[in-house]
1. Hey, with R₀ at 25 Å, roughly what FRET efficiency would residue 88 and residue 50 work out to, going by the Cβ-Cβ distance, to 0.05?
2. With each label point set 7 Å from Cα along the Cα-Cβ vector, what nm distance links residue 41 and residue 4?
3. Let me know the shape class of the chain, please: from the alpha-carbon gyration tensor, a ≥ b ≥ c as square roots of the eigenvalues, rounded when a/c is under 1.5, otherwise prolate if a/b is greater than b/c, or oblate.
C-alpha cells in the first residue's frame, strides 16, 4: 500500500499524463477538484475527449444550468461549456480518453 496527497497533484489530477501522477496514462484522466464560490472557468470544449463532472458537494452553473451535489454532467466532444461556482464545491472529473492538449477556448467550430 502506498499513500499520496491530493494537494501534491497537478490541479487535483491524480490519474493521467501529469507530473506528478499516481497512474501515468494517456487513456484517461481523473481529478478531484476543490473550488471556492465565485471561481470561474472560461467556456471551452474538447475535440476528442468526453468529460464527466460529478458534483460531490456545493453548487455550480454550466451553460446556464445549475447542478448540485449528486448531479453528474456529461459533456461530449465538440460540446462547449463554462463553469461558475455558486457555492464552495468539490467535484470529481473524468476525461476519456486523456487526450493531451485537447482543451480549446470558446465554442467549437
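No value in this document is a laboratory result; all are computed from the given coordinates. No experiment lies behind these values; they were computed from the predicted model shown. Please note: Cβ atoms are built from the backbone with ideal geometry, for glycine as well, and neighbour counts cover all protein chains shown.
1. Result of the calculation: an efficiency of 0.40.
2. Distance between the two pseudo-spin positions: 1.8 nm.
3. Note, shape of the chain comes out oblate.
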